[in-house]
Amino acid sequence: MAASMPNGEAGFTYLGVLLLIAVSSVALAATGTLWATSLQREHERQLLWVGGQYAQALRSYYRASPGLAQYPQDLAELVEDNRFPSPQRHLRRLYPDPVGGGEEWGLLRAVDGRITGVYSRSDAAPHKRSGFDAQWSAFEGLEHYSDWQFVAEQAFAESAAGARPHAGLGEAP
């Protein structure tokens, strides 16, 4: 004969386990969301740093130009600038796009086809929409990472304005 449970106690433990599983699932989902948000914010910080490195390297390449100042035709020229007897390095290495999933950078080109800036090709929406440093204040309120354009003139407009109020004819921007 099977032992019977007293009335009212049947299934109580089963309901308790189901409730525990439900609460654990909600907690894990919340943790996953926080982790994903934290990871995205870290990628945004990396994008701002790497984009700044490219903007600074483009500016350095332009300013170091022998003769007529010009920007590079290819990003690899920032790593090894062969316009001099001894190659110069304006960028330590070519960095991947932190938010683009390894995609190549989008390139901003001047009318002569030379590279004046870079941008991420990611159309994802950024978490950061305000509170940028002064050099990237134009990024305020932009809807996509691809709108964040890292251009040499933009990156150093503030420092150039302090050193030289306006560039004269034939001077570096």
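Key figures for this structure:
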quantity: Within segment 48-132: Cβ-based charge dipole about Cα centre, in debye rounded to nearest 20 (Lys, Arg +1; Asp, Glu -1); calculated: 340
quantity: For Ser86, Ser122, order by how many other beta-carbon atoms lie within 10 Å, fewest first; calculated: Ser86, Ser122
quantity: Gained length - Ala69 relative to Arg121, 0.36 nm times residue gap less alpha-carbon distance; calculated: 15.9 nm
quantity: In segment 28-97, the trypsin sites (Lys or Arg not before Pro) that fall in loop regions by DSSP, at most 10 other Cβ within 10 Å; calculated: Arg92, Arg93
quantity: Segment 1-142 - Kirkwood radius from inverse mean 1/r over Cα pairs (Å); calculated: 19.5
quantity: Simple label model, 7 Å out from Cα along Cβ direction - Phe132 to Arg92, nm; calculated: 2.4
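The numbers here are math on the coordinates, done by the rules we state, and not lab data. Not measured: the values here are computed from a predicted model. FYI the Cβ positions are ideal-geometry reconstructions off the backbone, even for glycines, and counts take in every protein chain you see.
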